[in-house]
Amino acid sequence: MSKYRITERRFIYPFNFVSIDEPVARSKVLPEDYGELSGKISCELKTLTPLFIPNTTKKGAFGNKNDSAPAFVQAVEEPTNSYDFFSYEDLTKRDDYFRNPARPIIPGSSLRGAIRSAYEAVVNGCLSSCDDENTLYRRTVVPRKHCGIIEKDPATQERVLYKASLSRRYVGADGAGRTNKTGEAVDGGVYLRGENIWNGKSSSLGKTTKINDAVMKYVYDSKEEKIEVARFKEDGKEWENLVEVWRLYQHRGKGEKIRGVNQHDDPAKTNYHGGYKGYLDADLVPVYYTRIIKGNALYMSPAAITKEVFSRTLKQMLKEQGDHAPCTDSKELCPACALFGMVGEESGVESCASRLMFRDAVPIAPDGNTAWNDWYGTVRTLPILSSPKVTATELYQEEVLGAEYYNYDYSVKYYDDGTYEPEHVRTLLDKPNLRGRKFYWHRKSAKLDNTSAYASQRTRIRPVDSDRIFKFELYFDRLSEPELKSLLWVLTFGEDRNGPHAHKLGHGKPVGYGSVRITKADVTLIKLDDSLSLIEEKGEYKPQPPAETEALREYLAITDFSKATDEVNYPSDALSWFKINKEIRLNRSFKPSYNYILPKALDEDRYLPEYEAGDGDIGGNRKGAIEAASGPEPEPEPEPEEEPKAFGTSIRDRIKAAEAEKKAREERSAVKKKDYNKKKLEQACGIALAKSILGNEKKNLLCNFIKDYESDPEYYKSLKHLYEKLGSQKDDFRKK
């Protein structure tokens with residue numbers, strides 16, 4: 001029985017992707033290879049939905065308890081941040097901007113960014129805006145079961161991970177009575193200070209903290225020697241990964257002093273995460289770890305449920321995926337960087353200057369106009385726009401067929417050994433693929449948010465209204481004719497002023513803001529005449545459509561404003577949606593399996609459902625892909641280190657048993673076996689054990705099950721617990 005089900009409420013996720021399947025074509029472009037066309041493109045731009053680009057000269061433009069604001073808006077309860085639309089005015093020097101707003105301006109940098117992204121998609125350029133500064137990580141879904149102690153080998157200077165067992169130690173609220181430090185030798189083991197579990201938001205537990213510390217003790221083999229799990233250097237990826245995990249628990253407080261995540265600047269507030277102070281300074285470092293044998297990877301952390309740092313960066317994945325990482329060498333440029341320019345990041349690498357200059361867009365209005373009220377929409381609050389990050393692999397990563405769950409490092413299947421929580425079978429991925437370039441769907445209307453909850457996360461704005469027309473000029477220098485025609489197509493989609501396609505600009509794109517259409521793009525060539533004077537000449541150039549590709553079809557589908565719908569939304573409760581989406585398929589929180597992944601831009605059904613509590617239809621758009629590619633039941637991960645008998649059946653023995661079972665299944669494949677409905681069988685067993693009256697159907701079910709199980713226990717191994725549960729009552733059913 002499932003705890004959740006899908007509802008009839010559906011939504012289209014606010015963004016989708018243009019694929020990057022084709023490799024990037026780079027070439028050496030020298031100034032002498034440039035074209036001969038220079039001039040300007042005079043453009044007109046129409047807002048199709050409200051547009052917002054902030055004027056950051058004043059953070060509390062429409063009332064803020066932390067900043068001064070005009071008296072007429074101070075009395076209004078506002079979110080923490082509020083901004084007016086961008087202009088050339090410094091709003092801190094004006095008190096009348098609310099009633100007499102400044103002339104709205106669309107910065108040329110905003111126009112340039114949007115057009116460059118579009119151009120890169122159309123010509124299959126690199127992803128120049130790839131953010132590779134932040135570490136890719138995600139919170140682990142499954143607690144790590146293995147414990148270890150890291151020592152330093154004085155002979156080789158290597159770090160050595162030894163297997164350990166774990167015993168927890170409760171030290172009371174706020175760590176009362178705690179005297180030991182992390183890494184300290186105690187009770188024949190190594191001490192690990194746990195972090196505060198703050199229950200301040202839980203009415204059932206009250207505003208308290210409780211702390212579970214731990215002692216990790218070495219596990220010895222039959223020769224009474226410590227069991228070595230792995231060796232690695234301090235400059236190797238294993239140790240660097242652990243250091244990065246620890247670093248992610250730190251952030252800077254007042255005075256730029258590093259402190260732990262969720263810490264508070266007030267020292268009196270002790271019920272916060274401490275950031276594992278001094279953790280890596282100890283001679284003996286206790287860790288929880290996961291080792292992936294199918295690919296040889298080791299993940300370590302100071303906690304069982306932790307942040308897991310991925311070994312790849314975005315640029316590495318883009319490099320492996322058709323060489324779509326940003327261009328770094330002026331001698332090897334993609335078509336977009338050859339036109340828009342490239343900044344060399346490494347020493348000795350030359351930059352490539354841009355051959356385009358975008359001027360700011362200004363309103364088309366009578367000369368001398370000073371009244372701009374009609375250009376603005378009402379002051380309103382934006383919905384919270386904290387969308388899932390790139391580590392939400394169910395959205396950003398190409399599906400790994402046959403895997404229940406996957407991320408940028410590995411895929412996960414399950415080996416059902418008959419226990420409640422099956423073994424996780426992790427396999428390192430040779431080449432994870434990103435979905436591509438992110439673009440936002442259009443909405444018919446911009447979404448408002450009039451709630452007052454979480455004021456610190458909300459922003460109040462005054463946007464430019466829809467149906468307002470701006471003009472701007474785009475200057476170009478030494479373009480070839482194909483480059484100019486391609487640029488014209490990207491600007492206008494090769495359409496007239498009433499064409500269906502549109503760009504996205506500014507803030508609030510996920511909730512419908514910033515849909516704009518460039519309705520005019522007239523070319524004027526600038527030349528030198530015989531007297532070396534500059535002359536302007538009208539250029540008759542028509543947009544050149546790009547080659548028909550899957551990526552182009554995806555781009556045109558996403559940018560089609562004529563098909564905009566207000567069903568473009570985030571889930572109503574995004575945090576819960578992503579949690580349920582990993583649990584609902586297999587009905588276990590520690591057995592994650594993606595039920596839905598982001599549909600592709602050209603899919604016939606682009607919708608995702610909302611979830612609600614209750615048993616019922618769970619839906620899913622991956623079931624066929626998982627079953628079709630799964631093949632035979634996966635075998636469990638082999639465990640390299642010796643498992644002491646005191647801990648029960650070893651994984652090595654279970655592997656051998658799984659291999660024997662697989663062989664037996666193959667030998668029995670010609671014999672048709674009866675498959676039992678596990679739910680009905682459990683129900684019949686429950687009635688029998690309660691000594692209640694069984695109907696004939698359930699009696700026959702149990703009689704046949706016992707007979708079949710005893711004739712071939714290996715085949716029915718997954719039902720062994722039900723067979724054993726019947727105990728001595730099996731004799732009664734044998735007689736029947």
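Before moving on, here are some points about what is shown:
- Put the Cα centre of segment 338-405 next to the Cα centre of segment 1-20 and the gap is 25 Å.
- Mean separation of Cα contacts under 8 Å, 6 or more apart, over the residue count of segment 672-735: relative contact order %: 37
- Scalar couplings 3J(HN,Hα) for segment 590-595, obtained by applying the Karplus form with A = 6.51, B = -1.76, C = 1.60 to θ = phi - 60°, are 9, 10, x, 8, 5, 7 Hz; x denotes Gly and Pro.
- For segment 672-735, the gyration tensor built on C-alpha atoms gives a prolate shape. Its axis ratio a/c (a ≥ b ≥ c) is at least 1.5, and a/b is the larger of a/b and b/c.
- Relative exposure of Asp529, Asp367, judged by other C-beta atoms within 10 Å (fewest first): Asp367, Asp529
- Per-residue Cβ neighbour rank within 10 angstrom, fewest leading, Thr328, Thr492, Thr156, Thr559: Thr156, Thr328, Thr492, Thr559
- Cα centroid separation - segment 528-577 against segment 608-627, whole Å: 35
- Long pairs among Lys413/Lys680; Lys3/Lys680; Lys3/Lys698; Lys277/Lys591, criterion Cα-Cα beyond 29 Å: Lys277/Lys591
- Annotation for Asp283 and Glu724: the two label points, set 7 Å from Cα along the Cα-Cβ direction, are 4.5 nm apart.
- Under-5 Å amide H pairs with Tyr570, H placed in peptide plane, nonlocal only: none
- 5 angstrom amide H check on Val186, placed H, neighbours 5+ away: Tyr191
- Distant-in-sequence amide contacts of Val425, defined by a placed amide H-H separation under 5 Å and a gap of 5 or more residues or a different chain, comprise Lys413, Tyr414, Tyr415.
- Of Lys315/Lys582; Lys217/Lys237; Lys538/Lys600; Lys28/Lys542; Lys181/Lys237; Lys46/Lys315, pairs whose Cα-Cα distance is over 31 Å: Lys538/Lys600; Lys46/Lys315
- Computed FRET value (nearest 0.05) for Tyr475 with Asn498, which takes r as the C-beta separation and R₀ as 35 Å: 0.80
- Sequence of Lys413, Lys431, Lys680 once ranked by neighbouring C-beta atoms within 10 Å, starting from the fewest: Lys431, Lys680, Lys413
- For segment 229-237, 3J(HN,Hα) computed residue by residue from phi via the Karplus equation (6.51, -1.76, 1.60; θ = phi - 60°) reads 9, 7, 10, 7, 8, 5, 9, x, 5 Hz, glycine and proline entered as x.
Since every read-out is calculated from the coordinates, none of them should be taken as a lab result. A quick note: this is a predicted structure, and the numbers were derived from the prediction, not measured. Cβ coordinates were reconstructed from backbone atoms using ideal geometry, including for glycine residues, and neighbour counts include every protein chain displayed.
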